[in-house]
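A quick write-up on the structure given underneath.
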Amino acid sequence: MLIIQEDVSSNHRENQEFADRYWSISYRKNRSVKTNIHFSNRRPVLTYAELQFDEALQLLSAPDPSINHRTAYELYEPTTCSWLVNSERFNRWLNSPSILLLSGIPGCGKTVLCSAAIERVRSHVIGKSGVGLVYFYFDFHEEQKQSVEGLLLSVIVQLVYQQEKLPVQFRSLCDDFKERRGKLRGEKLLKALHATIEQFRRVYLILDALDECGEQQGVMSLIANLVRSHAGFSILATSRDTTEISRSALGQVSTNVIYMSLDNVNIDIRTYVVNSLSRDPKLRERPSHVKAEIEAALTSGSHGMFRWVECQLQCLRSCLTLTSVRETLRSMPKTLTKTYDMILARIDTYYQKQAYEVLQWLAFAVRPLRLAEIAETLIIKPGVIALSEEDRLFSEFDILTIGSSLIRISNGDEVRLAHYSVKEYLMSSRLKSTALSSFHIAEQPANQYLAHACVTYLLLLNRPERLSLESFTKLPLLNYAATHWQDHANIAFRAGYREESTKNFLCDILRLMDQRQGSAYLNWLRVSDPDDWNLQDLSKREQDVPKSLYYASLLGLYIVTEALINRGVDVNARGGLFGNALQAAAFQNHHQIVYLLLQNGAEIKLNEGLHYSALNAAAVNGSEASFRILFDSCFAGRCNDSKIVGSSLVAAAASGNVEIVTLLLDHGADVNFRGNDSVALNSILAGSPIAAASFQGHKDVVQLLIAWGADVNAKGGRYGNPLQTASRAGFDCIVELLLDYGADVNAQGGVYKTALQAASASGHQSTVRLLLERDANDTS
């Protein structure tokens, strides 16, 4: 159990700034070499509370919005954005809970405007007790910043750090992350968020770029849910188009929309141009009348697009005479799309291939790449197990020359596409039909290229000498390749593998995963083991790692799994965190692989792996498709052990999956099954189904189990009985439900002896009061 109790300063700015700083530390830790060496960029001495918060932050791996915020606010120009933050509508939103949506065309400065709004709200909440500020930037550069789960995690952690006492639901969330290997259902996260918000009387949530979220409808439903559930909730969001929003669940909630007018944006653009001309090392040396011409031309031609202006300024920097300035201004493309055409057309013919490769990597990398990493990609030739050293850049910064103004560097050394519109342009069908079609990028072939490059890079490790910290300096893309090759491979394989290039790619994957052909397989797992992404062990031995079928199944690589089976590997080989390939695939809900393994003789074994059986693994993670395949296999005679079915009921109850619980009960599972205390999946799954559901707060499952005759006084498990279990977790509604159905309020057993002592020791004052009201003996 992660024990997190702290007393933090009531100064909200200090809280927020410290949280921002910790996010940055955590993010850099996750990007750097994962060793036991402590990261040095932090306070010399941390308080116990700070250390506990850092531990939780590392465990949950919540996305870091402070990086986006700092990058955006660095682009903020003094006096700009005042038309919004000083407006009557903004201040009305600031002072009364509501939803405010800012809508504008691509490239009009919505993200910078969002950062200014955040700072305005931050100054507004200083010193106000019970008022929280949280924000999130949806970002096409990072997968975790495109999902509802990423948003939920980030908001929860931000709010938690602003509290004087951390809620028990946060500790429970951390425990669940440990138990489920970081895979939680949305309901659990939402429940934790609601409980966290309840600690505040007012919360401001600011979201940037809803249009960059890959799960936009889910975000809209979440916003609507939060507004309906909490009276003191104010939400501000930026987005391009409001059509989809009006059609979503958010359309059912009163929403104020501000359309960013051309007049307001152009005033800010003029300020941006004037300031750029005065501080740019080259442009500031131009005569005042030349700068006046540039200012007038860019302001009038911008049509409200900062991004367009930024690109034109980049071109004007290379103008050395008045004639060239005027010619550049005269021939400026009228649109952003035409501007991107011009930028691509001006790339030196010799470097067009390198430019394409760089743009491809930046468009589909799972996370932002550092300068050294993106420079390294230029010397990798997929399928050629040797680096092309002659193609290595003299300087990593030459990447910026090759990519021109389509890319930018931020956060120190991270290289990104300069704007979301760049990726859209590169993937557009329009580009594919122009003379610049060689720059067109498509998702499947691009991901295959990246995956094959990563696998090729890992095959360089097929050598006897051991890896060391120096290896990461010599091979700067090593961490990325080892951690993310399968992410790209899964996308690449969606379209099948009939093309010759894909077959060659598959052959190289099989070379990597062939333990008989050298050290590449072992070295890959030394750098990044999918069983534990946060653990890097460069001394790992061959006997420490499971067979390749295990990892192919765990990672959802169906084609690779099939190829390995066709080679005659043992489908029941033991090894790995989950014990065998079947349990690994079941936990991750790779149901097609589950079926494939069963068809080829995989057995649903007892007493193996983290979750005791594959059926348990599917149940505990709510993997319904995999569970049904495994369940049908059990009842088709593949296994008839009642312990497997019974323990799966406990697991399903713990996960809160009503459908799986009902399925098991309908087929005769014992509603009062008691897990074996020696089977240490965790303490809860060693108890009864009703205790498991009680600890996780699944009231609907508790009610269902009671309806099927569950014993509310069933003994067993770490906390002795369901009532003590619910009291330990602090779920008052379940405590009351159990008592209403006859639970003994003074029952003895478990680590805390009684329910009252469990609630008291866990700091649940409302639960203590409830138990005392129901005649709990306070002298027990």
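The values are calculated or read from the model by the stated rules, or taken from the named source; none is laboratory data. Remember, it's a predicted structure, so these values are computed and weren't measured experimentally. Because the Cβ atoms are built from the backbone with ideal geometry, glycine has one as well, and the counts that use them run over all protein chains shown.
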Hey, L577 part of a helix (DSSP H, G or I) and either closer than 24 Å to D544 by Cβ or touching a strand residue (DSSP E or B) at 6+ places or on another chain (Cβ under 7 Å) (or both) or not: no
Reported set for the range 532-550 where residues are farther than 21 Å from R466 by Cα and either touching a Leu at 6+ places or on another chain (Cβ under 8 Å) or among the β-branched types (V, I, T) (or both) is L549
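Does Y259 satisfy the condition of being surrounded by fewer than 17 Cβ atoms within 10 Å (Cβ to Cβ), among the hydroxyl-bearing types (S, T, Y) and either free of Cβ contacts under 8 Å to residues at least 40 places away in the same chain or farther than 30 Å from W485 by Cβ (or both)?
Working: surrounded by fewer than 17 Cβ atoms within 10 Å (Cβ to Cβ): yes; among the hydroxyl-bearing types (S, T, Y): yes; either free of Cβ contacts under 8 Å to residues at least 40 places away in the same chain or farther than 30 Å from W485 by Cβ (or both): yes.
The answer is yes for Y259.
Among the helices (runs of 4 or more DSSP H) contained in the range 67-134, which hold 2 or more residues that are small (G, A, S) and more than 19 Å from S302 (Cβ to Cβ)?
On the way: elements: 82-85, 88-95, 110-125.
Per the criteria, 110-125.
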For the range 265-303, enumerate the residues that are surrounded by 21 or more Cβ atoms within 10 Å (Cβ to Cβ) and outside any helix (DSSP H, G or I). S302
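Please go through the range 318-356 and give me each residue that is without any contact (Cβ under 8 Å) to a residue 60 or more places away in the chain and closer than 19 Å to M427 by Cβ, ordered by number.
Of all residues in the range 318-356, those without any contact (Cβ under 8 Å) to a residue 60 or more places away in the chain come to 318-335, 338-339, 342, 346-351, 353-354.
Within the range 318-356, T335, K338, T339, M342, I347, K353 qualify.
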Long-range neighbours under 6 Å by Cβ, at least six apart or interchain, first residue assigned by TED's automatic domain parsing to the domain that holds I409 within the range 69-83, second modelled with pLDDT of 95 or more: none
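Filtering the range 760-780 down to residues that are part of a helix (DSSP H, G or I) and of a type in the set (A, V, I, L, M, F, W, C), which residue is nearest to D744 (Cα to Cα)? Give the derivation first.
Filtering the range 760-780 for residues part of a helix (DSSP H, G or I) gives 760-761, 765-773.
Now narrow it down to the ones that are of a type in the set (A, V, I, L, M, F, W, C): 761, 768, 770-772.
Values: A761: 19, V768: 15, L770: 14, L771: 11, L772: 13 Å.
Taking the candidates together, the pick is L771.
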Restrict the check to the range 493-509 and report whether at least one residue is hydrophobic (A, V, I, L, M, F, W, C), in a helix (DSSP H, G or I) and over 29 Å from the mean Cα position of the chain (by Cα). yes
Any residue that is crowded, with 17+ Cβ neighbours inside 10 Å and farther than 19 Å from R516 by Cα - is there at least one of those in the range 456-466? no
Taking G109 as the residue in question, decide whether it is surrounded by fewer than 23 Cβ atoms within 10 Å (Cβ to Cβ), of a type outside the set (D, E) and on the phi > 0 side of the Ramachandran plot. no
Hey, G750 hits all of (1) at pLDDT below 90; (2) assigned to a helix (DSSP H, G or I); (3) of a type outside the set (D, E, K, R) but one; which does it fall short on? (2)
Going through the range 175-198 one residue at a time, which ones are surrounded by 18 or more Cβ atoms within 10 Å (Cβ to Cβ) and either modelled with pLDDT of 85 or more or of a type in the set (G, A, S) (or both)? A192, L193, A195, T196, I197
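On the given criteria, is W524 closer than 13 Å to A451 by Cβ, crowded, with 23+ Cβ neighbours inside 10 Å and touching a residue at least 24 places away in the same chain (Cβ under 8 Å)? Show your work before the answer.
Numbers: closer than 13 Å to A451 by Cβ: no; crowded, with 23+ Cβ neighbours inside 10 Å: yes; touching a residue at least 24 places away in the same chain (Cβ under 8 Å): yes.
Criteria not met by W524.
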Of (1) touching a Gly at 6+ places or on another chain (Cβ under 7 Å); (2) at pLDDT 95 or above, H419 fails just (2)
The range 122-133 residues that are over 17 Å from S96 (Cβ atoms), paired with ones that are part of a loop (DSSP other than H, G, I, E, B) and of a type outside the set (K, R) (beta carbon under 7 Å, 6 or more apart): S129/S10
So if I check each of I385, I380, which one is in the same structural domain as A365 (by TED's automatic domain parsing), out of contact with any strand residue (DSSP E or B) (no Cβ under 7 Å at 6 or more places or on another chain) and farther than 24 Å from D348 by Cα? I385
Identify the residue in the range 472-481 that is touching a residue at least 24 places away in the same chain (Cβ under 8 Å) and surrounded by fewer than 23 Cβ atoms within 10 Å (Cβ to Cβ) and, among all such residues, is farthest from Y449 (Cα to Cα). F472
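Consider N275 carefully, then state whether it is at pLDDT 90 or above and polar (S, T, N, Q). I'd like the intermediate steps shown before the answer.
Working: at pLDDT 90 or above: yes; polar (S, T, N, Q): yes.
When the stated conditions are applied, N275 passes them.
Is it true that some residue in the range 640-655 is at pLDDT below 80, surrounded by 16 or more Cβ atoms within 10 Å (Cβ to Cβ), of a type in the set (A, V, I, L, M, F, W, C) and not in a helix (DSSP H, G or I)?
Filtering the range 640-655 for residues at pLDDT below 80 gives 640-644.
Filter once more, keeping what is surrounded by 16 or more Cβ atoms within 10 Å (Cβ to Cβ): 643-644.
Restricting the remaining residues to those that are of a type in the set (A, V, I, L, M, F, W, C) gives 644.
If we keep only those that are not in a helix (DSSP H, G or I) as well, we get none.
There is no residue in the range 640-655 that is at pLDDT below 80, surrounded by 16 or more Cβ atoms within 10 Å (Cβ to Cβ), of a type in the set (A, V, I, L, M, F, W, C) and not in a helix (DSSP H, G or I).
Would you call C315 part of a loop (DSSP other than H, G, I, E, B) and of a type outside the set (A, V, I, L, M)?
Values: part of a loop (DSSP other than H, G, I, E, B): no; of a type outside the set (A, V, I, L, M): yes.
No.
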